[in-house]
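**Student:** Please see the structure below; I have some questions.
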Amino acid sequence: QVQLVESGGGVVQPGGSLRLSCAASPTIFRFYDMGWHRQAPGKQRELVAAITSGGSTNYPDSVKGRFTISRDNAKRTVYLQMNNLKPEDTAVYYCAATLSSRDYWGQGTQVTVSS
């Protein structure tokens, strides 16, 4: 059973930074592709960062240059460093793990960007 636990959310002013963490349970974590998604009220969930098991990363244009995803396989943890945050980044952020086309999700952590 895959368990993902996010942490690091909170309230930050525009232009500020946050780092989210996602701790994963499986011992074969290094084989999983990992991603961070977000969902704002009234909007669909969207991918904001992805990292493959091999370390390749991908970002949508909306966060490129501001967000950085990384992983530490020894700690079974994936991170999302978010800089220069904007009010439109406000959402619940979810960690996801994918292996053999099967997705697993964390419970989410709230990020609020407000002055």
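The values are calculated or read from the model by the stated rules, or taken from the named source; none is laboratory data. All figures in this text were calculated on a predicted structure; none of them were measured in a lab. Virtual Cβ from ideal backbone geometry, glycine too; neighbours counted across all protein chains shown. Remember, those area values only see protein heavy atoms, side chains included, never the ligands or the DNA or RNA. Shrake-Rupley method; radii C 1.70, N 1.55, O 1.52, S 1.80 Å.
**Student:** Filter region 82-115 down to the residues that are in a strand (DSSP E or B), out of contact with any Leu (no Cβ under 7 Å at 6 or more places or on another chain) and open to solvent by less than 60 Å² (accessible area, probe 1.4 Å), then identify the one that is nearest to V11 (Cα to Cα).
**Tutor:** Ranking the qualifying residues of region 82-115, first place goes to T112.
**Student:** Looking at S101, is it at pLDDT below 95, closer than 24 Å to Q3 by Cα and among the small types (G, A, S)?
**Tutor:** So S101 passes the test.
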